[in-house]
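The values are calculated or read from the model by the stated rules, or taken from the named source; none is laboratory data. Owing to the predicted nature of the structure, the values given are computational and were not obtained by experimental measurement. Quick reminder, even Gly has a Cβ in these numbers, built from the backbone with ideal geometry, and neighbours come from all protein chains shown.
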Amino acid sequence: MRKRVTILGSTGSVGENALRVIAEHREQCEVVGLAAHTNIERLQEQLETWQPPGVVVWDEAKAAELRRRVAGQPVRVCSGTDGLRALVTDPACDIVVAAMSGVVGLEPLLAALAARKTVALANKEPLVMAGELVMATARASGAHLIPVDSEHSALFQCLETVQRAAVARLYITGSGGPLKDLAVGELATVERSSVLNHPRWKMGPKITVDSATLMNKGLELIEAHWLFDMPLERLTILIHPEAAVHAMVELCDGTLLSVVATCDMRLPIQYALSYPERWPSAAPRLPWTQPQAWHFEPPDLTKFPCLRLASDAARQGGTIPAVLNAANEVAVQAYLRGDLAFPDIAQLIAHVVAAATPAPAQSLEAILAADRWARMTAEHWLATERRKPMMVLQQ
């Protein structure tokens with residue numbers, strides 16, 4: 001019986017790769033739903049190829065335009081949160097690939113988990129913002145939550161093989177991003193093209209900027225804390241420029257387990273779709289007949305303060321990670337528009353987090369309220385404060 005897959009964020013890099021995986025495994029999978037923010041041109045092309053019965057466009061105006069374009073075709077076009085919720089809870093859907101970035105992905109994720117769907121989780125925001133709520137929802141329904149981030153997929157695969165009591169520490173690796181070898185003084189004038197030129201992965205602009213600031217590693221730290229119920233003091237970030245070892249699990253006897261593979265998002269996506277089975281893959285293999293050299297080192301928190309900000313937010317807990325996430329999203333978008341210098345990304349986030357009042361994060365309403373407050377505070381800083389001399393971020 002084929003697995004019936006709905007993809008939230010089908011026009012993004014993860015969504016496109018998910019469709020590539022499904023194209024290679026048509027006997028095992030079929031597409032029953034697609035969703036995108038606003039890219040209806042690409043979504044229409046996907047509709048013609050996959051012919052799912054339902055699609056969602058987040059923006060209602062774009063959804064109306066797509067309805068006109070596909071009039072007469074057997075497809076239902078919906079919009080907004082209600083459309084996403086209906087798409088992921090449809091009885092015809094077995095697996096939801098959650099790859100829609102931003103806060104809009106949180107509510108449909110909770111709905112999918114409550115409906116006991118298997119969720120292949122690719123976007124970081126839900127667990128960063130609402131880890132306690134997301135994991136509680138999954139436990140209550142018995143839904144499977146399978147990570148798609150390469151690092152968390154690697155940890156998931158390693159942890160499947162051992163008793164939990166034997167686990168001593170989890171290591172999350174990262175290439176160090178495109179700016180790893182620059183001096184601190186060079187970051188103020190770094191070209192945007194350099195920031196967006198990741199040495200290992202081809203990703204969307206937002207996550208590529210997060211890789212350059214190392215905020216992505218901070219968000220992954222928070223994700224791993226919730227996904228694997230692991231205390232923060234037993235999670236370690238390591239810079240690994242070759243990006244061959246995607247994560248490591250240290251056992252109580254000092255043994256290390258790891259997943260080693262090429263940098264190809266099709267691999268963790270395919271594992272999430274095939275779980276608990278494994279399918280053949282067309283992804284390239286590592287060149288084991290050639291000499292290999294791997295390096296590991298701790299991250300430079302002076303040069304990349306966003307990682308420290310994320311770690312501090314994780315320790316504060318409550319709604320502070322949601323505040324951090326929202327402030328980061330505003331800062332990155334401002335940077336991509338050309339309204340913010342690269343070092344100011346961390347300055348903006350630090351200002352918003354310092355101004356926040358922690359609150360419990362046990363309800364969706366509290367989390368969304370913290371998100372809204374953080375965005376308003378960040379936008380106010382952009383409008384009034386960003387031209388003032390930058391404060392020095394303490395280590």
- Message: I'd like to check something: does segment 125-142 contain any residue that is under 27 Å from Met1 (Cα atoms) and in contact (Cβ under 8 Å) with a residue 60 or more places away in the chain?
- Response: no
- Is it the case that some residue within segment 115-122 is within 24 Å of Ala313 (Cα to Cα) and in a loop (DSSP other than H, G, I, E, B)? yes
- Message: Being touching a Ser or Thr at 6+ places or on another chain (Cβ under 6 Å) and either basic (Lys, Arg) or more than 26 Å from Asp149 (Cβ to Cβ) (or both): is that true of Arg116 here?
- Response: yes
- Among the listed residues Glu41, Glu107, which satisfies the condition of being of a type in the set (D, E, K, R) and in contact with a helix residue (DSSP H, G or I) (Cβ under 6 Å, 6 or more places away or on another chain)? Glu107
- Message: Return the residues of segment 49-80 that are at positive phi and small (Gly, Ala, Ser); say none if nothing qualifies.
- Response: Gly72, Gly80
- Task: Can you run down the residue pairs with Cβ atoms below 7 Å, 6 or more apart or on separate chains, where the first is in segment 323-335 and aromatic (Phe, Trp, Tyr) and the partner is surrounded by 24 or more Cβ atoms within 10 Å (Cβ to Cβ)?
- Result: Tyr335/Val209; Tyr335/Ile345
- Task: Working only within segment 200-216, note down all residues that are buried (at least 16 other Cβ atoms within 10 Å of the Cβ) and more than 16 Å from Val332 (Cα to Cα).
- Result: Arg200, Trp201
- Message: Residues that are among the aliphatic types (A, V, I, L, M) and under 28 Å from Val323 (Cβ atoms): does segment 46-54 have at least one?
- Response: no
- Task: Just give me the residues in segment 12-35 being among the hydrophobic types (A, V, I, L, M, F, W, C) and without any contact (Cβ under 8 Å) to a residue 40 or more places away in the chain, in sequence order.
- Result: Leu19, Ala23, Val31, Leu34
- Query: Is it true that some residue in segment 100-111 is outside the structural domain of Ala243 (by TED's automatic domain parsing), outside any loop (DSSP other than H, G, I, E, B) and either among the charged types (D, E, K, R) or at positive phi (or both)?
  - Reply: yes
- Within segment 79-136, considering residues that are within 23 Å of Ala366 (Cα to Cα) and hydroxyl-bearing (Ser, Thr, Tyr), the one surrounded by the most Cβ atoms within 10 Å (Cβ to Cβ): Ser101
- Query: How about segment 57-72: which of its residues are surrounded by 12 or more Cβ atoms within 10 Å (Cβ to Cβ), over 27 Å from the mean Cα position of the chain (by Cα) and in a loop (DSSP other than H, G, I, E, B)?
  - Reply: Val70
- Message: If I filter segment 193-201 for residues that are touching a residue at least 40 places away in the same chain (Cβ under 8 Å), in a helix (DSSP H, G or I), aromatic (Phe, Trp, Tyr) and closer than 26 Å to His144 by Cβ, do I get at least one hit?
- Response: no
- Task: Just give me the residues in segment 262-297 being more than 22 Å from the chain's Cα centre (by Cα) and under 30 Å from Ala188 (Cβ atoms), in sequence order.
- Result: His295, Phe296, Glu297
- Task: Being small (Gly, Ala, Ser) and either surrounded by 12 or more Cβ atoms within 10 Å (Cβ to Cβ) or within 30 Å of Val352 (Cα to Cα) (or both) is the filter here, so list the residues in segment 271-318 that pass it.
- Result: Ala272, Ser274, Ser281, Ala283, Ala310, Ser311, Ala313, Ala314, Gly317, Gly318
- Which residues, counting only those in segment 21-42, are closer than 16 Å to Ala98 by Cα and either assigned to a helix (DSSP H, G or I) or touching a His at 6+ places or on another chain (Cβ under 7 Å) (or both)? Val21, Ile22
- Message: Can you tell me which residue is farthest from the chain's Cα centre (by Cα) among those in segment 187-198 that are loosely packed, with under 15 Cβ neighbours inside 10 Å and under 23 Å from Glu242 (Cβ atoms)?
- Response: Ser194
- Identify all residues within segment 59-104 that are free of Cβ contacts under 8 Å to residues at least 24 places away in the same chain and in contact with a Lys or Arg (Cβ under 9 Å, 6 or more places away or on another chain); write none if there are none. Val77, Ser79
- Take Leu127 and decide whether it is in contact with a Pro (Cβ under 8 Å, 6 or more places away or on another chain) and either modelled with pLDDT of 95 or more or not polar (S, T, N, Q) (or both). no
